[in-house]
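Report on one structure; see the data block that follows.
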Amino acid sequence: MTSKQYNKTGTILERPASKYISIKEGKNKMKTLRQKIMLFILITVTASMTLMNTGCTEKIEATDLMKGIDPGKVSGLEIDEDFINAAADFSFKLFRESIKEKDNSLISPLSVYIALSMTANGADGMTLDQMETLLGGEILIDELNRYLYTYSNELPSEERSKLTISNSIWFRDDEGRLVVEPSFLQKNADHYDAGIYKDAFDENTLADINAWVEENTDGLIDKILDEIREDAVMYILNAIVFDAEWEEIYNEENIMKGEFTNYEGVLQNVDFMTSEERSYLDDGNATGFIKPYLGGSYSFVAVLPNEGIGLDEYIGSMSGNHFLDMIDNAEFSLVTGTMPKFSYDYTIQMNDALKSLGMPIAFSPSEADFSRLGESSRGNIFIGEVLHKTFIAVDERGTKAGAVTKVEMRDESYVETKVVKLDRPFMYAIIDNSTNLPVFVGTVVDIDQ
């Protein structure tokens, strides 16, 4: 097979010259943030966001499914309050459900948002209703596709403030088993610039998928799959990389040793970084600061709950609107911000979180309706797993962060294929199906030629 991948050639919306603000421009201009950018920002890290980029890799040998399917031009929707509020609401609902009390936690809501939106293009009936409600509130999937097209293509990415998004769909090359709807592929090609592959779902496919993940996260995440299940028929993947320098990097004199108190109250010696910033946060229950990255398009938001308020308690009360309001009401004031250097990775299966947030039917083998995605001869198609992996490193020069979201589609009634070869003495029977009683029963121990 040859190495091929579809790259979008449709019209890309022009990016406004100055759609994003610098934090230094002050509190008044910060009000425009809510109209201009959807904030996928976690409590402790800036979310990973970017321009669309399928990131073709020479290692991929899977067959390109996009032959005969021409990309269509997309009319994007202008980013507005409805989209911002819906996306922020989803982000913090998901974050609350995804944190682990005794672990460093990290998700990219945008990565999950895109992966699930791509998946929702194959859903119908109650399955689609639940997914639309969780992802967009009153926004239907066709509108959400257009919003995300605009949003993704308007996000800046520069040499020292890079942010890239990559999407791909991989499906099992078994026409006797899986038939994929062309309209599903068309929508995801048009709106998400998704690379589309079909392959045998063997060890080579496993290597290809993991190579795609490694390349499209700049090596921050080396794989998303340990194996390909026999009942897996499709993988819908999103990868995001954020790599940016601080607007003002930390010098040697800004770095010093200090003690960090962990969740068990144990003191740890760490390297702290201190800087003077100009955006102070205070919502009554927590204080924090905003530190801009080079170019003014992205910022790091740090939030510390007040003494006596646990982090879990604080996050439990956080909503998307609360977070947006806190950013809008940032005080333009000198603030000394100190934070530790840190780096870690995080992996979470999001099935239970997404079920509890209102889309359980999509995970039901018997009830899920992904008829607009395709059909399998071995039973109903449903979401088997949503797996999310992230990595972040924050140091004196800036931040590197990566995220991958995998939506694994399975079919309902797959039965593992067994091999029986009658090449030694065996028994046989002819039965009455109404009772299963044998009409004839015998053995074969020798075959005359």
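Derivation of every value follows stated rules applied to the coordinates shown; laboratory data play no part. None of the values given here were measured: they were computed from a predicted structure. Positions of Cβ are generated from backbone atoms using ideal geometry, with glycine treated the same way; all protein chains shown enter the neighbour counts.
For the range 88-229, the residue among 189, 133, 171 whose Cα projects farthest onto the positive side of the dipole built from Cβ charges is 133. Take each peptide in 202-212, 300-310, count the other Cβ atoms within 10 Å of every residue, and average; sorted highest first, the result is 202-212, 300-310. Relative contact order of the range 172-290, taken over Cα pairs closer than 8 Å and 6 or more residues apart, is 14 percent. Proximity of backbone amide H atoms, modeled 1.01 Å from N, is registered between residue 335 and 277, 278, 279 at under 5 Å, excluding neighbours fewer than 5 places apart on the same chain.
Suppose R0 equals 41 Å. What FRET efficiency, 1/(1 + (r/R0)^6) with r the Cβ-Cβ distance, do residue 256 and residue 80 give to the nearest 0.05? Working from the Cβ atoms, E equals 0.35.
For a paramagnetic label modelled on residue 249 (point 7 Å from Cα along Cα→Cβ), amide N atoms under 17 Å away belong, within the range 379-401, to 393-401. Label-to-label distance, residue 206 versus residue 276, with points set 7 angstrom from Cα along the beta-carbon direction: 5.7 nm.
In this simple spin-label model, placing a label point 7 Å from the Cα along the Cα-to-Cβ direction at both residue 73 and residue 179 gives a separation of 3.4 nm. Compactness of the range 150-293 is given as radius of gyration and Dmax, 22.1, 66 Å, from Cα positions. Remark: 388, 322 ranked as 322, 388, counting other beta-carbon atoms within 10 Å and listing the fewest first. Considering only Cα-Cα distances, which of the following residue pairs are longer than 21 Å: 162/187; 102/341; 73/400? Beyond 21 Å: 162/187; 73/400. Under the simplified labelling scheme, the residue 285-residue 222 pair shows an inter-label distance of 4.0 nm, with each label point 7 Å from Cα along Cα→Cβ.
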